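What follows is a short report on a single structure.
The values are calculated or read from the model by the stated rules, or taken from the named source; none is laboratory data. Source: prediction; values computed, not measured. Here the Cβ is made from the backbone with ideal geometry for all residues, glycine too, and neighbour counts use every protein chain on show.
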Amino acid sequence: MSMLLALSAAQLDELQARLDRLADGAPGGALLSVTLDLGAGRCDWLQRQPATREFCYWAQPDAGLHRLGLGRAVVCTSAGPARFTALQAAHAGIAADWRHDAGGSPHKPVACLGFAFDDDPRSAHRRGPRPFAGAAWDAPAPPAAGGELPNAQLGVAAVLLTSADGRLGATFTTPARDRAGAIDRWRQLLAARPLPPLPSTGRRPAGDLAERAWHARVDRALTAIAAGELDKVVLSRSLRLPLAGPLAPAALLARLIAQHPESTVFAVGGENAVFLGATPERLVGLAAGTARADALAGTAWDDEPLAIDKNAHEQALVVAAIRAALAPLCATLDLPPAPAVLELHGARRLRHLWTPVAGRVRPGVGLFDLIARLHPTPAVGGWPGEAARDWLRRHGEKRPGWYAGGVGWIDRHGDGEVAVALRCGLVTARHIELPAGAGIVAGSRAGHEFRETEAKLGTMLDALDASASDAVADERTGT
């Protein structure tokens, strides 16, 4: 049987002994994590496709960070206006008795989290996950609404493979009440399949109809802006492509890592779908009391100019909104007087205006407080925020998976990071759906904004391009 990580008999014995010591005196609901130090090295964990459908992935290649989570030791889902409060309460409950035996490894256990753009469960593409055997508890998922992901989710992987700071580690987690069969479950989760080539995608639908529909939507948005209802609204469109065969997410993730090492590459897999992508934008991170957020707006590609009034206006809206959101939560705020240019890899030479924002959070402020204040920024929703979200709902905006929502992680002490889920795709059995958006402000031109969405779709389309297979394989093997 192919394995992502082969454990020796001595390692299995060590795991069991350390788990038993950690469980001594623990209540049944306590979460137990044991980390094996696997020595020096760097690995993206994508050489094989995990056999389990339930997995999560987070990588920042340029920083040398790669995480692959397998299965679920515990999971909570939520929806509605209080969804971040619910996830915060779930994290607090887990962290209250989350025991970790590091075994000399620098790596820590983390929980994965993600959420859709809109908190209204009726507007999200989602389906509640099936309970994972061995979970300490599973909050009931909201009723299905025709999609593949829950509206918001927090979960701790049963197995977490980490490569960071030049060292490898594997963290194994189980509720205390289920530790008797934990070793066997962990070994099953490490099973893997060979990595097949990416399947070809079907022909793109004719663009004329899509562009005419886009023009009509932009015209409606510009009418609302001219009437003073909004300053900005972000419209999105999706490209749905049939797949000629099964798609191994690991193969597509490997392609994204090779093509976009400057981005955060992510994936969340469930029973029915995989949501994955390579995003350039951080929503917020929290580490040692310092919060960091990216104000990212304004887009140029190919030979298009970035320094135009429309882009400057969009960036100013985002910077002002992030400053206003963080000010009540931070004792200090620090940001540069002018934005820098963030240049991305890829054939379309995408560039964005970028303003990094940092602040020292006030006592008692946690990651979920920051998420709740910041999401959605004007970069993905519009401005004013509530008016833009209301306009999008009334005009039938649909965003697949967690597109324009967030994906990230949080450790048991509350430090973590969430990226804005952009440049992504929702993979189901026979299709992949690729979304992209553009900000509409006074003076926007529908044709130009349509070309912007085409440039953004290029991130995933280039990764799916079968002709790139050999080049990516050569880059990954060093040939």
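Here are some notes:
Matching residues to (1) in contact with a Pro (Cβ under 6 Å, 6 or more places away or on another chain); (2) surrounded by 24 or more Cβ atoms within 10 Å (Cβ to Cβ); (3) in a loop (DSSP other than H, G, I, E, B):
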| residue | (1), (2), (3) |
| --- | --- |
| 378 | no, yes, yes |
| 387 | no, no, no |
| 391 | no, no, no |
| 402 | no, yes, yes |
| 407 | no, yes, no |
| 413 | no, no, yes |
| 419 | no, yes, no |
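- Considering region 430-440, the residues that are farther than 10 Å from residue 400 by Cα and touching a Pro at 6+ places or on another chain (Cβ under 8 Å) include one that is surrounded by the most Cβ atoms within 10 Å (Cβ to Cβ), namely 439.
- If you check 186, 98 for being of a type in the set (Phe, Trp, Tyr), surrounded by fewer than 22 Cβ atoms within 10 Å (Cβ to Cβ), under 30 Å from residue 42 (Cβ atoms) and at pLDDT 95 or above, only one passes: 98.
- The condition of being under 20 Å from residue 29 (Cα atoms) and hydroxyl-bearing (Ser, Thr, Tyr) holds for only one of 85, 77, that being 77.
- Among (1) at pLDDT 95 or above; (2) under 30 Å from residue 11 (Cβ atoms); (3) of a type in the set (Lys, Arg) - the single one residue 108 does not satisfy: (1)
- Residue 329 closer than 20 Å to residue 410 by Cβ, under 20 Å from the mean Cα position of the chain (by Cα), buried (at least 19 other Cβ atoms within 10 Å of the Cβ) and of a type outside the set (Val, Ile, Thr): no
- Checking residue 295 against (1) in contact (Cβ under 8 Å) with a residue 60 or more places away in the chain; (2) among the small types (Gly, Ala, Ser); (3) out of contact with any Phe, Trp or Tyr (no Cβ under 8 Å at 6 or more places or on another chain); (4) crowded, with 19+ Cβ neighbours inside 10 Å, the condition it does not meet: (3)
- Pairs with Cβ under 6 Å, 6+ apart, first in region 91-105 and on the phi > 0 side of the Ramachandran plot, second buried (at least 16 other Cβ atoms within 10 Å of the Cβ) and at pLDDT 95 or above: 103/35
- Within region 51-77, the set of residues being under 14 Å from residue 113 (Cα atoms) and of a type in the set (Ser, Thr, Tyr) comprises 57, 77.
- Residue check, residue 146 on the phi > 0 side of the Ramachandran plot and either at pLDDT 50 or above or surrounded by fewer than 24 Cβ atoms within 10 Å (Cβ to Cβ) (or both): yes
- Counting only residues that are of a type outside the set (D, E, K, R) and assigned to a strand (DSSP E or B), region 82-116 holds 8 of them.
- Residue list for region 260-302, filter: among the charged types (D, E, K, R) and under 17 Å from residue 324 (Cα atoms): 292, 294
- Listed by first and then second residue, the pairs linking a residue in region 232-251 that is under 24 Å from residue 454 (Cβ atoms) to a residue that is among the β-branched types (Val, Ile, Thr) and assigned to a loop (DSSP other than H, G, I, E, B), with Cβ atoms under 7 Å apart and 6 or more places separating them unless they lie on different chains, are 234/380.
- Residue selected from region 194-214 under the condition surrounded by 15 or more Cβ atoms within 10 Å (Cβ to Cβ) and not aliphatic (A, V, I, L, M), by the criterion modelled with the lowest pLDDT: 201
- Which numbered condition residue 353 fails, given (1) more than 30 Å from residue 95 (Cα to Cα); (2) free of Cβ contacts under 8 Å to residues at least 24 places away in the same chain: (2)
- Condition met for residue 32 (surrounded by 11 or more Cβ atoms within 10 Å (Cβ to Cβ), over 14 Å from residue 101 (Cβ atoms) and either touching a residue at least 24 places away in the same chain (Cβ under 8 Å) or among the hydroxyl-bearing types (Ser, Thr, Tyr) (or both)): no
- Number of positions in region 26-77 that are touching a Cys at 6+ places or on another chain (Cβ under 7 Å) and over 14 Å from residue 155 (Cα atoms): 1
- Only one entry of 41, 103, 93 meets the criterion of being modelled with pLDDT under 95 and surrounded by fewer than 17 Cβ atoms within 10 Å (Cβ to Cβ), and that entry is 103.
- For region 289-331, residues that are of a type outside the set (D, E, K, R) and farther than 30 Å from residue 363 by Cβ total 15.
- Listed by first and then second residue, the pairs with beta-carbon distance under 9 Å, at least 6 apart or on different chains, first residue in region 1-16 and in contact (Cβ under 8 Å) with a residue 40 or more places away in the chain, second among the aromatic types (Phe, Trp, Tyr) and assigned to a loop (DSSP other than H, G, I, E, B), are 4/45; 5/45.
- Test result for residue 124, buried (at least 23 other Cβ atoms within 10 Å of the Cβ) and modelled with pLDDT under 95: yes
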